[in-house]
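Participant: Quick one: the structure is below, questions incoming.
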Amino acid sequence: MRLEVWGLGHCGLVCAASLALNGHRVVGVDIDAQRIAHLNEGEACLHEAGLAERVAAAVASGHLACTVPDRVEPGMPDVVILCLPTPAADGRVLDTRSILTTALPLAQRMRTCSHFPLVVVRSTVPVHFTRDELRPLLEAQSGKTAGIDFGLALVPEFLREGHALYDFDQPSLIVLGADDTASMRAALRLFDDPRCRAQQVSTGVAEIFKLTNNAFHALKIGFANEIARMAHLQRLDGHEVLRLLCEDSRLNISSAYLAPGFAFGGACLEKDLEALQSLAAGSEAPILAAIGPSNRAHLDACVGAIRSRRWRRLGFHGVTNKAGSDDLRNSPVLALIEALELPPGALLISDPDLRSDQESLLRERYRAEVVASLAELRVHADLIINFRTHSLADSPAGAELDFASHWHGTAPDPGPSP
């Protein structure tokens, strides 16, 4: 099939390169001309495990070419996939202007289209956006009808940073949202996978499920951290408590995210949680409303754990949201650094996934000294806060703290009440 993928960020570039290697003819579209130039040379402009090799192979095969919007050919492809950013706006509402702006010229191209093209939204959008905003715009501007002249589907993505290629190649869940039979049939032709049966739902269900899915991940993280703190105060092992909870795979679903550690952050969980909360519209949703404060309380507890130790120079190993990713959006580690209010000269950072421009940002905004490796960090820092899995065998006792193992321990016994 002939495909266009609009938006070559994390999701879009993974989709474009992967679909190209699956034999489709893919045109990637992005407003960043410099990014386009790099991609057409076979150079991935994002740090994601295995992505550089996949982009290079896709370009070399001749099945992936990239361009800017004003150089897109006027004819319609078989499928247009929208992977455009929808950042939080006004606190809770997802900003869909990038999708609506792209949809206008797309609809105009559809006017003279003689086949049945499919438009697929992979971005996270508000509930009923596809049905109530995007579909009317496409129909009005093209003079055509969804389900008869063109297809329209909402297919949420579940790609974890650092594991995105594996998640694309080995999906654990495929959700196809469409409001008519023809659109669903067209979506199945592209996305159905014999190893993972696609769940067929309406666009509204698919939209709210994406928000619910990430809200549930956030809830599990916050819940596990709350339980770990309560156990810690009782001089019990929070990991043991959560291990028992996860033993029940029949009722407790799975162990994913149900492990105490550090606060959540990143580009998706907080944004999608707030978007889901906005659906309450005057009614109470106390569990969802409590997740954010619980996460902030856990961040405060981590601040307290650091301040309770003696140090002059504090090292942070791993500040991006995930190992194998250079994403710093809404980084909880940077939130922790800000909360500590460190004096000049007290902060050191190491992270192999940082780009040079990000290192400059950390130096300027946080007055940090960025060093090359964990080994160098160990030389210069009195205490290291470690956000990456590694062996502590060569670290001096008490010199490193990682919050996953921190909650294994117990709080000091305060002794008998007076």
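Participant: Scan the stretch 332-353 and give yes if some residue there is within 17 Å of the chain's Cα centre (by Cα) and among the acidic types (Asp, Glu), otherwise no.
Facilitator: Checking the stretch 332-353: at least one residue is within 17 Å of the chain's Cα centre (by Cα) and among the acidic types (Asp, Glu).
Participant: So which of Arg378, Arg312 ends up being in contact (Cβ under 8 Å) with a residue 60 or more places away in the chain and assigned to a loop (DSSP other than H, G, I, E, B)?
Facilitator: None of the others qualify; the one that does is Arg312.
Participant: On to the next question. Out of curiosity, is Ile384 in contact with a strand residue (DSSP E or B) (Cβ under 6 Å, 6 or more places away or on another chain), modelled with pLDDT of 95 or more and at negative phi?
Facilitator: Numbers: in contact with a strand residue (DSSP E or B) (Cβ under 6 Å, 6 or more places away or on another chain): yes; modelled with pLDDT of 95 or more: no; at negative phi: yes.
For Ile384, the condition - in contact with a strand residue (DSSP E or B) (Cβ under 6 Å, 6 or more places away or on another chain), modelled with pLDDT of 95 or more and at negative phi - is not met.
Participant: Of these, Glu139, Glu157, Glu161, Glu133, which one is among the acidic types (Asp, Glu), under 26 Å from His10 (Cα atoms) and free of Cβ contacts under 8 Å to residues at least 40 places away in the same chain?
Facilitator: Of Glu139, Glu157, Glu161, Glu133, the one residue that is among the acidic types (Asp, Glu), under 26 Å from His10 (Cα atoms) and free of Cβ contacts under 8 Å to residues at least 40 places away in the same chain is Glu133.
Participant: Only one of (1) in contact (Cβ under 8 Å) with a residue 24 or more places away in the chain; (2) farther than 24 Å from Pro332 by Cα; (3) of a type outside the set (A, V, I, L, M, F, W, C) is not met by Ser294, so which one is it?
Facilitator: For Ser294, the failing item is (2).
A quick yes/no check of all residues on (1) charged (D, E, K, R); (2) farther than 23 Å from Ala285 by Cβ; (3) part of a helix (DSSP H, G or I):
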| residue | (1), (2), (3) |
| --- | --- |
| Ala187 | no, yes, yes |
| Glu207 | yes, no, yes |
| Thr212 | no, no, yes |
| Phe216 | no, no, yes |
| Leu219 | no, no, yes |
| Leu245 | no, yes, yes |
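Participant: In the stretch 77-90, how many residues are assigned to a loop (DSSP other than H, G, I, E, B) and out of contact with any Asp or Glu (no Cβ under 7 Å at 6 or more places or on another chain)?
Facilitator: Residues that pass the stated criteria total 5.
Participant: Restricting to the stretch 271-309, and then to whatever is among the charged types (D, E, K, R) and assigned to a helix (DSSP H, G or I), can you tell me which residue is surrounded by the fewest Cβ atoms within 10 Å (Cβ to Cβ)?
Facilitator: By that ranking, first place goes to Arg307.
Participant: Considering only residues that are assigned to a loop (DSSP other than H, G, I, E, B) and among the β-branched types (Val, Ile, Thr), which ones fall in the stretch 315-359?
Facilitator: Within the stretch 315-359, Val319, Thr320 qualify.
Participant: What residue, of Ala218, Ala256, is under 28 Å from Val127 (Cβ atoms), modelled with pLDDT of 90 or more and under 19 Å from the mean Cα position of the chain (by Cα)? Let's see the steps before the verdict.
Facilitator: Details: Ala256 fails: modelled with pLDDT of 90 or more.
Of the residues listed, the single one that is under 28 Å from Val127 (Cβ atoms), modelled with pLDDT of 90 or more and under 19 Å from the mean Cα position of the chain (by Cα) is Ala218.
Participant: Being crowded, with 23+ Cβ neighbours inside 10 Å, modelled with pLDDT of 95 or more and assigned to a loop (DSSP other than H, G, I, E, B) narrows it down to one of Leu8, Leu39, so name that one.
Facilitator: Leu8
Residue-by-condition table, conditions (1) crowded, with 16+ Cβ neighbours inside 10 Å; (2) in a strand (DSSP E or B); (3) modelled with pLDDT under 95:
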position	(1), (2), (3)
Ala17	yes, no, no
Val26	yes, yes, no
Arg35	yes, no, no
Cys45	yes, no, yes
Gly75	no, no, yes
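Participant: Considering the stretch 221-243 alone, what residues qualify as being assigned to a loop (DSSP other than H, G, I, E, B) and either of a type in the set (Gly, Ala, Ser) or touching a Phe, Trp or Tyr at 6+ places or on another chain (Cβ under 6 Å) (or both)?
Facilitator: If the condition is that a residue be assigned to a loop (DSSP other than H, G, I, E, B) and either of a type in the set (Gly, Ala, Ser) or touching a Phe, Trp or Tyr at 6+ places or on another chain (Cβ under 6 Å) (or both), then no residue fits.
Participant: Filtering the stretch 134-158 down to residues that are under 30 Å from Phe264 (Cβ atoms) and crowded, with 19+ Cβ neighbours inside 10 Å, which residue is farthest from the chain's Cα centre (by Cα)?
Facilitator: Leu134
Participant: Related question: Based on what the data block shows, is Ser123 closer than 25 Å to His63 by Cα and either crowded, with 21+ Cβ neighbours inside 10 Å or not assigned by TED's automatic domain parsing to the domain that holds Val26 (or both)?
Facilitator: Spelling it out, Ser123 is indeed closer than 25 Å to His63 by Cα and either crowded, with 21+ Cβ neighbours inside 10 Å or not assigned by TED's automatic domain parsing to the domain that holds Val26 (or both).
Participant: Would you check if there is a residue in the stretch 314-326 being over 24 Å from Ala164 (Cβ atoms) and β-branched (Val, Ile, Thr)? First the steps, then the outcome.
Facilitator: First, the residues of the stretch 314-326 that are over 24 Å from Ala164 (Cβ atoms): 314-316.
Keeping just the survivors that are β-branched (Val, Ile, Thr) gives none.
Checked against the condition, which is being over 24 Å from Ala164 (Cβ atoms) and β-branched (Val, Ile, Thr), the stretch 314-326 yields no hits at all.
The values are calculated or read from the model by the stated rules, or taken from the named source; none is laboratory data. Computed from a predicted structure; not experimentally measured. Positions of Cβ are generated from backbone atoms using ideal geometry, with glycine treated the same way; all protein chains shown enter the neighbour counts.
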